[in-house]
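The values are calculated or read from the model by the stated rules, or taken from the named source; none is laboratory data. Everything quoted here is computed from the prediction, not taken from an experiment. Quick reminder, even Gly has a Cβ in these numbers, built from the backbone with ideal geometry, and neighbours come from all protein chains shown.
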Amino acid sequence: MFALLLCFTACANNSKETDGSSDIASKETELNKSEAKALVVYFSCTGNTKAVAQKISKLTGADLYEIISTDPYTDEDLNYNNDNCRANKEMNDPDARPAIGSNAIDISNYDIVFIGYPIWWGTMPRIINTFLDTYDLSDKTVMPFCTSGGSGISKSVSDMKAQELDADIRDGLRANGSSDSGINEWLSDNGLMQKEN
Ligand SMILES: Cc1cc2nc3c(=O)[nH]c(=O)nc-3n(C[C@H](O)[C@H](O)[C@H](O)COP(=O)(O)O)c2cc1C
C-alpha cells in the first residue's frame, strides 16, 4: 500500500525554473515515467480533515503522515469562544510554533506533498507552520487542502506561499468531507489521476 503510482498528465508540469541541475532533470524523468511519489500530510483535531486525508490517500495511493502535537489539543484548547484558549492564543501569535510529536518522516523521496489542515481563524494552524519550517519542500509540488466551518482556503494558501518554500504550491481545496466530489475534480484539475486503487 505504500507503493504509489500517479499519472501526471501534461498539465501537471511541476518543474520549476529548470536550470539543468541533475536533481531537477532526474525528477522530470521520473514524472515523465508517471512514477511520481506522493505523501498526504495532515493535522486534524476533530477528525474532519483526517477523513479527507484518508480519502485522498485512497484515491491516489499516497502514503499518509499525521502531524500530532506533542501536547494534544483538548476540547478546552479548541474552545475558540474563549479568547484565552490555547488555539486562539497560538493564532494571535504569528511566531507560535507548537511542537510536532509524531515521528519524523523522510520526505526527500516524495515529489508531491498534500498538506491538509482545519482552518483556524481564517488560515492554517500554527503547527502547520512548524511542519513547513521543519521540512524541506523545495522543488516539490504542494497540494494544500482544508476543512472548515465555511471559510475558504485561499488565505492559508497565500500565507503558505509567503513562507517562500521554493515549492510549486497549487490552488488549494476546501472539502466538506470525504464524500465531497470536488476531491476527484481537484486531483484531475491538477493532473493527478488515479492509476490504480
Ligand atoms: C480555534 C478554531 C478556529 C476556527 N476558525 C475557523 C474559521 O476561521 N473559519 C471556519 O470556517 N472554521 C473555523 N473553525 C472550524 C474548523 O475549521 C472546522 O471545524 C474543521 O473542519 C475542523 O477540522 P478537524 O476536525 O480536522 O480538526 C475553527 C475551529 C477552531 C477549533
Answer yes if at least one residue in region 41-60 is modelled with pLDDT of 90 or more, away from the ligand (no atom under 16 Å from the Cβ) and either acidic (Asp, Glu) or in contact with an Asp or Glu (Cβ under 6 Å, 6 or more places away or on another chain) (or both), and no otherwise.
no
Sole residue being closer than 26 Å to Lys37 by Cβ, in a loop (DSSP other than H, G, I, E, B) and touching a helix residue (DSSP H, G or I) at 6+ places or on another chain (Cβ under 7 Å), chosen from Asp166, Asp139
Asp139
Would you call Asp133 outside any loop (DSSP other than H, G, I, E, B) and within 15 Å of the ligand (Cβ to nearest atom)?
no
Hey, does region 22-37 have a residue that's at pLDDT 50 or above and closer than 30 Å to Ala99 by Cβ?
yes
Restricting the first residue to region 61-78 and requiring it to be away from the ligand (no atom under 15 Å from the Cβ), which pairs with a second residue that is acidic (Asp, Glu) meet a Cβ separation below 8 Å and a spacing of at least six or different chains?
Gly61/Glu196
The number of residues in region 79-113 that are more than 29 Å from Ala36 (Cα to Cα), in contact with a strand residue (DSSP E or B) (Cβ under 9 Å, 6 or more places away or on another chain) and either without any contact (Cβ under 8 Å) to a residue 40 or more places away in the chain or not in a loop (DSSP other than H, G, I, E, B) (or both) is 6
Selected residue [within 30 Å of Leu192 (Cα to Cα) and within 14 Å of the ligand (Cβ to nearest atom)] from Ile105, Ile112, Ile119, Ile100
Ile119
Can you tell me how many residues in region 136-162 are within 16 Å of the ligand (Cβ to nearest atom) and either under 16 Å from Glu90 (Cα atoms) or without any contact (Cβ under 8 Å) to a residue 12 or more places away in the chain (or both)?
4
Within the set of pairs 6+ apart or on separate chains, which have a first residue in region 163-180 that is modelled with pLDDT of 95 or more, a second that is among the basic types (Lys, Arg) and buried (at least 19 other Cβ atoms within 10 Å of the Cβ), and C-beta atoms under 7 Å apart?
Ala167/Lys140
